[in-house]
Amino acid sequence: MYNYTVSENARLELNPSKYSGSGGRNSGSGGGSGASAANCNTTAPDDDFELWDYSGFMLRNDTDDPITNGKWGGAQGWCRPSCIPITVILILIVLVVLLPLLDHAADKYASNGTNFDFDTSCMNGCNLSFVETLPIGMSYTNNTVFLDNTYDSWIKLISLAREKIEIASFYWTMRREDVYPDDSAKQGEEIFHLLLEAGRDRNILLKITQNIPSQIRPNIDTEVLTKKANAKVKSLNFAGLFGGGVLHSKLWLVDRTHLYIGSANMDWRSLSQVKELGLMALNCSCLANDFAKIFDIYWTVGNDGKIPSVWPDYLNTRINLKNPMNFTFMNNKYKTFVASSPPPFSPKGRTNDVDAILYCIEKAEKFIYISVMDYFPLTIYTAKIKYWPIIDDALRTAAIERKVHIRLLISSWKHTRKSEVFFLKSLMELTDSYAGVKIEVRKFIVPTNPDFDRIPFSRVNHNKYMVTDVTAYIGTSNWSGDYFINTAGIGTVFETIGDQTSENLRQQLENIFHRDWYSEYSYALNESIPFVKRSTNTIEDYYLRSSRYILA
């Protein structure tokens, strides 16, 4: 029913004749570093179609041949020599048409068989929870949503490690000297030292993939972990691979059993100064192992410096949009799959991230709520800005054709691009164009003060999620075309099945959205609010109120 492919949905910068789609295409070629550096439109080949090698045949015309001279042959028989070529051609046509279909059916059956295995055993004991960072000085009045914080969840993951911790990261600034000498860096520094101790004192293998360091982002932290904790680090050069883009994923894997996926970078500001949202999964080996395939892709590219022409089979997946993994958690049934970008990083079976987003939008029947830092129907990091309306078109279609109520909660901060508001207003203008069409947009502003303002690139809502009446999506990418064309990101979809309790994951994410939408930090798009909206709580007040630091 939902036939999403990258060649259809991410066609900007892509060549449909060469590109792969979600759910079963080999997106391998992307090119080596040399060719890719010259062409940011690196694409991958379509499916490998099976070639049929037909041999010729010779008609028998012996006079004693029973076929031509027997009771079934002869001039009046049905099996005339002239009919044989036609019959053979018809048989070949049937074989060409039916065999690929049978082969596809067999693959699908095998995939569904894997799903049944997951449903009965693989997710038993799995515990899933949303975790967040609320920046210092930010609190909600009449709050009914209480989540564990990112800091505590990362401490939990480190403590659970027995063999290895794998982290896919954009950059590393976990210590105050990396950014700005502020006391709110203390949580980041503690996480850094716990990782250091895990590798140095507990013999935990630390494996890290990161975007290639630069003079602006030298990643001194990972150099320290390499020297003092024997960490293994691979850096990915997206400029060399695609002509642009970055490794933007934020993923933790612990013993390939526990994980974190979300918006938080390996940055102390993500634990105290930036609003973040993520998902922590404990004792979820099958889910973690599917995420691990994506980590292994980063590791392979970081090691080889190029994208292989064909990804090895062990990186393929049978868990995708068409064949999701079924599981039950807290008496609620779900279907789930993991998606990734860019398409050349998606081996056979992997759904592309933008297709996962489109799937959630098109499955929605009543509402679509979106909370992201940036929203642009453009590529905004290319030398020439280009129109990229894939997600925007899907939202407009949902609102107009199916009367789905749409809400977008978009971040507003010192670094918001002025052009963004025009595209958001364009969506809002559709409201009441026809009966039942309703698109609302509000901006979310994290409170700040002069002390906080000294910390660069902080005080922003960094969330990247969507919730509908059917699905929940949590990702690592901002919503502009660049993040789905040449930047590495990960998205996760949970789709509800049947009756649900009030504690189901989709409902939890909806509650988080409602809390923010109706909060004192949410403003009308046209409302003029100064960015220096004062916080009533100082850093010192925060530490006094935190039992963790009192005990420390």
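Read-outs throughout are calculated quantities, based only on the coordinates presented, and are distinct from any laboratory measurement. As the structure is a prediction and not an experimental result, all values here were calculated from the model. Glycine also receives a Cβ, built like all others from the backbone with ideal geometry; neighbour counts cover every protein chain displayed.
One table, with the values for the structure above:
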| read-out | value |
| --- | --- |
| Cα gyration tensor of the stretch 286-427 - equivalent ellipsoid semi-axes, whole Å, descending | 30, 23, 14 |
| Two-decimal log10 I(q)/I(0) for the stretch 189-291, as the Debye equation yields it once each C-alpha is a single scatterer, q = 0.18 Å⁻¹ | -1.07 |
| Stokes-Einstein D (µm²/s) once Rh is taken as the Kirkwood radius of the stretch 109-248 over alpha-carbon pairs, at 20 °C in 1.002 mPa s | 120 µm²/s |
| Sequence-distant lysines (8 or more away, or on other chains) whose Cα lies within less than 16 Å of Lys348 | Lys18, Lys108, Lys293, Lys322 |
| Rough spin-label spacing in nm, given labels placed 7 Å along Cα→Cβ, for Lys333 and Ser214 | 4.9 nm |
| Neighbour-count ranking [beta-carbon atoms within 10 angstrom, fewest first] of Glu223, Glu166, Glu177, Glu420 | Glu177, Glu223, Glu420, Glu166 |
| Which of Lys414, Lys443, Lys333 has the fewest Cβ neighbours within 10 Å, and the rest in rising order | Lys414, Lys333, Lys443 |
| Rg/Rh (Cα only; Kirkwood hydrodynamic radius) as it applies to the stretch 370-513 | 0.98 |
| Fewest-first sequence of Ile297, Ile212 by Cβ atoms within 10 Å of each Cβ | Ile212, Ile297 |
| Hull volume in cubic angstrom per residue (convex hull over the Cα atoms of the stretch 136-196) | 118 Å³ |
| Mean Cβ count within 10 Å, highest first, over the residues of peptides 298-304, 182-188, 396-402, 483-489 | 483-489, 182-188, 298-304, 396-402 |
| Radius of gyration, Dmax [the stretch 434-512; alpha carbons; angstrom] | 16.8, 50 |
| Listed residue pairs exceeding 29 Å between alpha carbons, taken from Lys207/Lys306; Lys306/Lys443; Lys228/Lys250; Lys384/Lys414 | Lys306/Lys443 |
| Cα point-scatterer Debye curve for the stretch 266-338, base-10 log of I(q)/I(0) at q = 0.19, 0.27, 0.28 Å⁻¹ | -0.97, -1.20, -1.25 |
| Using alpha carbons only: equivalent-ellipsoid semi-axes of the stretch 384-440, gyration tensor based, whole Å | 23, 14, 9 |
